[in-house]
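Here's the structure we're looking at; comments come further down.
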Amino acid sequence: MRRTDRFAVLSAVALAAALGLCGCGADEPVTESPAATEPPVATSPTVQPPDPGATSAPLPPPEALTDVLARIADANVPGAEKLHLIEDATAADGETMDKFAVALRDGGYAPATFEAKDLMWSDGADGVVQAIVTVRTANPAAGEFTFPMQFRFADNHWQLTRSTTDALLQLGPAPTPTPTP
């Protein structure tokens, strides 16, 4: 198996493992420590001026974001046609995205469906929308995977931010292969 094939398969396996482990968290309630009771201090109300940098544009519909993810995961869309869907993507990323989508398909996880909820403008990142995205695959045993993702509007369309892409798909140069003894 070529190095890039193995890298794509490992990325797909990592996503599949995350899907399988999503139900392993503890459901114990969080206990709060009792706060010390202090007498109230009389103060006058403080009025904050409006934030001039606040984003006033409407949030995108959730489907605009989930369509980006569906195209990235679609093995029928060539990687070269997906480059505009990822912030700062390079031509080298196209082949990696092809291998990732094929690994998902061949592993029985495609097609995947995506649901975006709780959309909000990201603090400290102009033009970036954060959403909680739930991923469901064709493999019911995999369960579902929920992950906060960020999207940026650029060149008249939405794209997955590079940091979110790197966290999910592990795009980038493959590590240097180690010689087999």
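The values are calculated or read from the model by the stated rules, or taken from the named source; none is laboratory data. Please read these numbers as outputs of a predicted model, since none were measured by experiment. All Cβ positions, even for glycine, are placed from backbone atoms using ideal geometry, and neighbour counts span all protein chains on display.
Thr66 passes all but one of (1) of a type in the set (S, T, N, Q); (2) over 13 Å from Phe151 (Cβ atoms); (3) in a helix (DSSP H, G or I); which number fails?
Only one criterion in (1) of a type in the set (S, T, N, Q); (2) over 13 Å from Phe151 (Cβ atoms); (3) in a helix (DSSP H, G or I) is unmet by Thr66, namely (2).
Just checking, how many residues over region 137-157 are surrounded by fewer than 17 Cβ atoms within 10 Å (Cβ to Cβ) and outside any loop (DSSP other than H, G, I, E, B)?
So the count comes out to 9.
Mind listing just one residue for me: the one in region 55-97 that is of a type in the set (Ser, Thr, Tyr) and either surrounded by 17 or more Cβ atoms within 10 Å (Cβ to Cβ) or touching a residue at least 60 places away in the same chain (Cβ under 8 Å) (or both) and, of those, nearest to His157 (Cα to Cα)?
Step by step, filter region 55-97, then rank; the result is Thr66.
Go through the residues of region 114-125 one by one and say whether even a single one is closer than 15 Å to Leu69 by Cα and surrounded by fewer than 14 Cβ atoms within 10 Å (Cβ to Cβ).
yes
If a residue must be touching a Phe, Trp or Tyr at 6+ places or on another chain (Cβ under 9 Å) and modelled with pLDDT of 90 or more, how many such residues does region 128-148 contain?
Number of matching residues: 12.
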